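S.K.: Handing you a structure now.
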């Protein structure tokens with residue numbers, strides 16, 4: 001079966017714009033023959049939305065967007081999108097499986113990171129149920145970002161019948177982060193034996209910069225697919241049993257990590273994002289040379 | 001976006017990043033010379049703006065600074081000039097950049113690096129005034145690496161800017177090393193204290209002079225009130241100021257005291 005990873009730039013608070021981007025990705029992935037599209041963590045509202053998720057109106061707008069995406073995405077495509085789920089049980093960092101015009105299942109993030117730049121326990125409650133679904137003859141389990149940085153959720157997915165782990169992420173860049181992500185994916189492999197598809201956001205948000213660099217780790221522990229860093233795109237993986245391949249030059253594992261160049265990419269991407277936050281026109285200025 | 005271009009490496013690198021990020025036509029550099037601005041600072045700024053094709057203007061701060069000093073003369077009677085007058089120059093520049101931001105709806109990029117943000121070697125409401133700090137998590141040593149990297153693609157930063165000793169040019173013949181240890185020493189101590197949370201004695205055990213370690217730690221701790229008022233900037237290292245390293249402003253904890 002063919003799986004698409006949407007490594008795209010989603011903007012915090014731009015619920016309508018993100019909905020449009022997710023629907024465009026869904027139609028493109030479907031047209032390319034994908035049966036399943038994986039999008040980043042909190043893809044409907046952007047990450048981190050911080051205390052915006054404490055607002056009832058914000059969560060309601062996200063819920064309405066979720067219904068709209070379910071309704072307007074191709075019916076044959078299974079689609080994973082992230083959003084803040086507000087229920088009587090609490091407020092969750094959630095990922096929904098959309099298929100056949102409806103919300104088929106919802107997974108709630110279990111491990112909420114609350115260290116370094118993360119404050120998720122401040123706003124979210126922790127979920128505890130696994131979510132496994134079948135698509136194209138393969139059983140996929142969902143974990144969200146921080147879930148794979150600690151033991152537990154991967155094993156629960158395995159026990160619920162998963163063959164593969166799908167992980168939507170909003171994992172911010174810092175130097176050598178890619179190495180840490182690969183190591184974490186391998187430690188989950190040791191724990192649960194499940195191969196992993198890791199989809200990451202790309203773009204800047206205030207202090208955080210998301211570098212993309214989505215990847216897949218096979219059951220043998222190899223990084224078999226490596227998507228480019230700092231670039232948006234839909235990347236396709238062919239999954240057969242527990243093996244996986246990513247066709248094309250863009251998806252070869254990297255031998256060396258170019259740290260200075262990546263610092264440059266990080267700085268320019270953040271400056272580009274900051275420029276979105278204001279309106280201006282330099283050409284109006286009178287220039288004296 | 002616009003920024004103050006000084007002829008130094010930090011503003012040169014920030015300008016190159018902004019031009020690469022947005023395109024030269026959306027970036028404006030403002031050179032704001034004073035009597036202490038070396039002529040090569042002016043030459044190199046003009047040269048760099050031309051190389052990148054960004055918009056460029058010059059606004060002298062002399063008359064503004066003189067007016068500040070004249071109006072404060074009564075208040076400051078009998079007191080010698082000190083860093084107060086140095087900071088007034090930076091604040092005149094900050095005010096001009098913010099006026100431009102207002103008038104044109106443009107965003108001010110500040111140009112300070114992580115080593116400066118760590119030690120407080122920056123002027124609040126002066127060079128810290130702005131909306132986004134691109135180099136906030138980039139140490140001075142990494143500033144040089146990034147400048148050389150960018151120039152390896154195409155020579156946009158005049159080599160003289162990279163080669164000359166860093167100076168704030170706020171008084172005659174000033175260099176950063178009048179106030180700070182050499183940057184390779186400083187950045188190593190900062191990495192140990194800020195990024196690795198090492199104890200003062202453990203930093204000394206790495207081979208650094210105890211007096212310098214004490215001074216750097218004290219500078220870092222005293223500058224927390226400035227950092228809390230600084231613009232955000234992208235996290236590049238595993239420990240950035242802002243969302244990550246969060247310290248109290250008011251604190252009696254003095255980790256450098258174990259060295260006395």
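Quick note: the coordinates plus some simple rules give every number you see, no bench work behind them. Keep in mind the model is a prediction, meaning the values are calculated, not measured. All Cβ positions, glycine included, derive from the backbone under ideal geometry; neighbour counts span all protein chains shown.
S.K.: If only Cα atoms are counted, what is the Rg of the stretch A:1-122, and what is its Dmax, in Å?
M.R.: When restricted to Cα atoms, the stretch A:1-122 yields Rg and Dmax of 13.9, 41 Å.
S.K.: Report the gain in length on full extension from residue B:199 to residue B:72: 0.36 nm times residue separation, minus Cα-Cα distance, nm rounded to one decimal.
M.R.: Value of the extension gain: 41.4 nm.
S.K.: Mean projection of the alpha-carbon convex hull of the stretch B:76-128 over all orientations, in nm²?
M.R.: If you wrap the Cα atoms of the stretch B:76-128 in a convex hull and average its projections, you get 4.5 nm².
S.K.: If you fit an axis through the alpha-carbon atoms of helix B:140-153 and take the longest principal axis of the Cα set of chain B, what angle between them do you get, 0 to 90°, nearest 10?
M.R.: With rounding to tens, the tilt is 40 degrees.
S.K.: Let me ask something else. Would you mind giving the three semi-axes, in whole Å and largest first, of the ellipsoid equivalent to chain A according to its Cα gyration tensor?
M.R.: 28, 23, 19
S.K.: Related question: Once label points are set 7 Å from the Cα along Cα→Cβ at both residue B:50 and residue B:174, what is their separation, rounded to one decimal in nm?
M.R.: 2.9
S.K.: Also: Taking a spot 7 Å from the Cα of residue A:119 along the direction of its beta carbon, which residues of the stretch A:40-69 have an amide N less than 17 Å from it?
M.R.: A:46-56
S.K.: Can you tell me the Rg and the Dmax, both Å, for the Cα atoms in the stretch B:103-166?
M.R.: Taking only Cα atoms of the stretch B:103-166, I get Rg and Dmax of 13.3, 36 Å.
S.K.: Specify the angular offset, from 0 to 90 degrees and rounded to the nearest 10, of the alpha carbon long axis of helix B:210-222 from the longest principal axis of the alpha carbons in chain B.
M.R.: Approximately 60 degrees, to the nearest 10.
S.K.: Would any residue of the stretch B:94-131 have its amide N under 15 Å from a label point 7 Å out along Cα→Cβ of residue B:249? List them or say none.
M.R.: Flagged as within label range: B:124-125.
S.K.: What relative contact order, as a whole-number percentage, does chain B give when Cα pairs under 8 Å and 6 or more residues apart are counted?
M.R.: That works out to 20 percent.
S.K.: Quick one: Cα convex hull volume of the stretch A:136-204, Å³ per residue?
M.R.: Per residue, the Cα convex hull of the stretch A:136-204 comes to 78 Å³.
S.K.: So how far apart, in nm, are the two label points at residue A:71 and residue B:81 if each is 7 Å from Cα heading toward Cβ?
M.R.: 7.0
S.K.: Another question about this same structure. Evaluated at 4 °C with a viscosity of 1.567 mPa s, what Stokes-Einstein diffusion coefficient in µm²/s does the stretch B:73-190 have when Rh comes from the Kirkwood expression over alpha-carbon pairs?
M.R.: The diffusion coefficient I find is 81 µm²/s.
S.K.: Specify the residue with the greatest mean-square fluctuation among B:90, B:80, B:129, computed from a Gaussian network of chain B linking alpha-carbon atoms under 10 Å apart.
M.R.: The residue with the greatest mean-square fluctuation here is B:80.
S.K.: Expressed as an acute angle from 0 to 90° and rounded to the nearest 10, what is the orientation of the C-alpha long axis of helix B:83-104 relative to the principal long axis of chain B?
M.R.: Between helix and principal axis, roughly 50 degrees.
S.K.: Defining a contact as two alpha carbons under 8 Å apart and six or more residues distant in sequence, what relative contact order in percent does chain A show?
M.R.: Relative CO of chain A lands at 17 percent.
S.K.: In angstroms, what radius of gyration and Dmax does the stretch A:118-270 have, counting Cα atoms only?
M.R.: For the stretch A:118-270, the Cα radius of gyration and maximum Cα-Cα distance read 15.5, 44 Å.
S.K.: Express in whole angstrom the spacing between the alpha-carbon centres of the stretch B:40-70 and the stretch A:102-130.
M.R.: One Cα centre to the other: 51 Å.
S.K.: Plugging the Kirkwood radius over Cα pairs into Stokes-Einstein for the stretch B:1-133, at a temperature of 20 °C and a viscosity of 1.002 mPa s, what D comes out in µm²/s?
M.R.: Taking Rh from Cα pairs, D becomes 140 µm²/s.
S.K.: Sticking with this one: Can you compute the FRET efficiency between residue A:126 and residue A:14 using 1/(1 + (r/R0)^6), with r the Cβ-Cβ distance and R0 = 25 Å? Round to the nearest 0.05.
M.R.: In this case the efficiency is close to 0.40.
S.K.: Here's another thing I want to ask about it. Given q = 0.12, 0.19 Å⁻¹, what are the Debye log10 I(q)/I(0) values for the stretch B:160-242, with equal point scatterers placed on the Cα positions and solvent ignored?
M.R.: At q = 0.12, 0.19 Å⁻¹ the computed log10 ratios are -0.44, -1.03.
S.K.: Neighbour counts of other C-beta atoms within 10 Å: give me A:167, A:138 arranged from fewest to most.
M.R.: Arranged by neighbour count, lowest to highest, A:167, A:138 become A:138, A:167.
S.K.: Now a separate question. Convert 10 °C to kelvin, take the viscosity as 1.306 mPa s, use the Kirkwood radius over C-alpha pairs of chain B as Rh, and evaluate the Stokes-Einstein diffusion coefficient in µm²/s, rounded to a whole number.
M.R.: 83
S.K.: Taking R0 as 35 Å, what's the FRET efficiency between residue A:159 and residue A:259 from their Cβ-Cβ distance, rounded to 0.05?
M.R.: 0.35
S.K.: When all alpha-carbon pairs of the stretch A:61-165 are counted, what percent fall beyond 22 Å?
M.R.: Distances greater than 22 Å cover 33 percent of the Cα pairs.
S.K.: For Cα pairs less than 8 Å apart in space and 6+ apart in sequence, what is the mean separation divided by the residue count of the stretch A:41-114, i.e. the relative contact order in percent?
M.R.: 29
S.K.: Average the reciprocal distances over every distinct pair of alpha-carbons in the protein assembly as shown, invert the result, and give the Kirkwood radius in Å.
M.R.: 25.2
S.K.: Fewest first, what order do A:134, B:260 take by the number of other Cβ atoms within 10 Å?
M.R.: Listing A:134, B:260 from fewest to most nearby Cβ atoms yields B:260, A:134.
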